[in-house]
Amino acid sequence: MKNIIIFGAPGSGKGTYSEEIVKRYGMGHISTGDVLRAEIKNGTELGRVAQAYIDKGQLIPDELMISILAKVYDSQPEGKGVIFDGFPRTIAQAEALKKMLGERGHDMGMMIELIVDEDILMARLLNRAIEQGRADDNEATIKARFEVYHKQTAPLADWFEKEGIRNIFRWSDNPSKEAMIEAICRGIDAENK
Ligand code: ADP
């Protein structure tokens, strides 16, 4: 299985679709948001530093994020491919990922781009706040996360294109979750043929 990068704004469904893909293909899964939340829960030094940025809706500094990348990647099951969910989020992270994978004879594989209207994203995240109680899902922090996304993360779409990473799914419509998953899986199967 080739690696996959799932790319989109906060609330666009990266986590949800990643879990479906993992279930179907038995791939590894790296969600940097989950990694950081686990560090916070375990009271580590990284968690302590990360908390302050997450609460403000800012990104954790690249050096910190990049410093744990190889360890997290190497802990994934071998040969099954990994889905990167919430990483890379900056050009520096993308360059670091490319280098780390290259050192292992691997590459970024393909990407899935989730495009959703911002008012829908906001409604979803406020709803998630009620369901999951994530502290960074409040209106002020969500707005900061959208801004960070536009400034620091969205420009990566051009970087991926320049690197020749195939975009197997680009959603600008509003199909059902099931229809989305079917379309994504058709794209993944075609790339892995
Ligand atoms: P969402 O995509 O809904 O914002 P995540 O769980 O992916 O949720 O991320 C939550 C927060 O964790 C981000 O707002 C950011 O502070 C931090 N974070 C996650 N991934 C990264 C990353 N790759 N680089 C820097 N910060 C990150």
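Tabulated data
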read-out: For the chain, the fraction of alpha-carbon pairs in successive 10 Å shells from zero, as %; value: 8, 37, 39, 15, 0
read-out: For the chain, with +1 on Lys and Arg beta carbons and -1 on Asp and Glu, the positive-most of 125, 58, 92 along the dipole; value: 92
read-out: Candidate residues 124, 24, 134: accessible-area rank, largest first, probe 1.4 Å; value: 24, 124, 134
read-out: Accessible area per residue in Å² at 1.4 Å probe, computed on the chain; value: 52 Å²
read-out: Residue 189 - accessible surface, heavy atoms, 1.4 Å probe, Å² rounded to 10; value: 80 Å²
read-out: Accessible area of the chain belonging to carbon and sulfur atoms, whole % at 1.4 Å probe; value: 50 percent
read-out: Share of pairwise Cα separations in the range 122-193, more than 15 Å, in percent; value: 70 percent
read-out: Separation of alpha-carbon centers, the range 119-193 and the range 45-78, rounded to whole Å; value: 20 Å
read-out: For residue 141, solvent-accessible area (1.4 Å; no DNA, RNA or ligand), Å²; value: 10 Å²
read-out: Options 135, 114, 154, ranked by Cα towards positive dipole end of the range 4-191, top entry (Cβ charges); value: 135
read-out: Shape of the range 18-65, Cα gyration tensor, a/c cut at 1.5; value: prolate
read-out: Under 17 Å from the residue 34 label point (7 Å along Cα→beta-carbon), backbone N, the range 41-67; value: 41-42
read-out: Cα centre as origin, Lys/Arg/Asp/Glu Cβ charges: the range 1-139 dipole, Debye; value: 400 debye
read-out: Cβ-Cβ FRET estimate between residue 76 and residue 119, R0 fixed at 41 Å, reported to 0.05; value: 0.70
read-out: Full-stretch length increase - residue 158, residue 183 - with 0.36 nm per residue and alpha-carbon distance subtracted; value: 6.7 nm
read-out: Largest to smallest accessible area among 101, 126 [probe 1.4 Å]; value: 126, 101
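The values are calculated or read from the model by the stated rules, or taken from the named source; none is laboratory data. This is a predicted model, so every value here is computed, not measured. Cβ coordinates were reconstructed from backbone atoms using ideal geometry, including for glycine residues, and neighbour counts include every protein chain displayed. Accessible surface is based on the protein model in full, side chains and every heavy atom, while ligands, DNA and RNA are left aside. Shrake-Rupley method; radii C 1.70, N 1.55, O 1.52, S 1.80 Å.
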